[in-house]
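Everything below concerns the one structure shown next.
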Amino acid sequence: MNKRIIGLTGGIATGKTTVADYLAHTYHLPIFDADIYAREAVAPGSAILQAIATKYGEQILLDDGNLNRVKLGEIIFNQPTERSYIEGLIHPYVGDRLVTAIHHSSVNTLVLVVPLLFEAHMTNLVTEIWVVSCHPEQQLQRLMVRNHLTKSQAQARIDSQMSLTEKKKLANFILENTGNFDELCQQIDRIMQDSEKLL
């Protein structure tokens, strides 16, 4: 049987982790998170982190050798060219790790959480696409609170991604995370039940 690979994506701070956690706990699906691999890509001592430090100087590193994410964010979220450079380093690594995870998984249904699924051109890795969405004002407020950002900092991060409107056009399933947790879970259950009928 061919694998069913759910590509879970959406905008920053729309609720992808909440959906992934529910799929893991309720449906016992394995979750492979691109963000974890992206952090792995820039671990101390990695070739990618060395390349970043060479380009931007030692200021891009913390005293313990880890990447200074705040400093990097200041660079890439305001300069598209620099963001493209960083993504060009990290996306291939993440893609390779996801492919390996798929091949090594013995289950028939699994979930890839890839915030930049479209932007990183990774849609070929999945068999269906779920987009988590919410109102723009909700997204901005959630991001400001979660990441302790100013309004302009949060908006810059949102603007660096493909718009939710465009992502929803490319989705097989859309989860509107505009209400409470139970309402979101009901949508997930509905998709799982409807899609199982088609398998």
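The values are calculated or read from the model by the stated rules, or taken from the named source; none is laboratory data. On a predicted model such as this, the values are computed, not experimentally measured, just so you know. Reconstructed Cβ throughout: ideal geometry from the backbone, glycine too, with neighbour counts over all protein chains shown.
Per-structure values
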{"read-out": "Top-ranked residue in region 140-167 [being among the hydroxyl-bearing types (Ser, Thr, Tyr) and in a helix (DSSP H, G or I); ranked as surrounded by the fewest Cβ atoms within 10 Å (Cβ to Cβ)]", "value": "Ser152"}
{"read-out": "Residues within region 172-190 that are crowded, with 17+ Cβ neighbours inside 10 Å and in contact (Cβ under 8 Å) with a residue 60 or more places away in the chain, tallied", "value": "4"}
{"read-out": "For Leu125: the one exception among (1) more than 23 Å from Asn180 (Cα to Cα); (2) at pLDDT 95 or above; (3) over 15 Å from the mean Cα position of the chain (by Cα)", "value": "(3)"}
{"read-out": "Test: residue in region 187-195 that is at pLDDT 95 or above, of a type in the set (D, E, K, R) and in contact with a helix residue (DSSP H, G or I) (Cβ under 7 Å, 6 or more places away or on another chain)", "value": "no"}
{"read-out": "Counted residues, region 118-139 - those being in a helix (DSSP H, G or I) and buried (at least 20 other Cβ atoms within 10 Å of the Cβ)", "value": "1"}
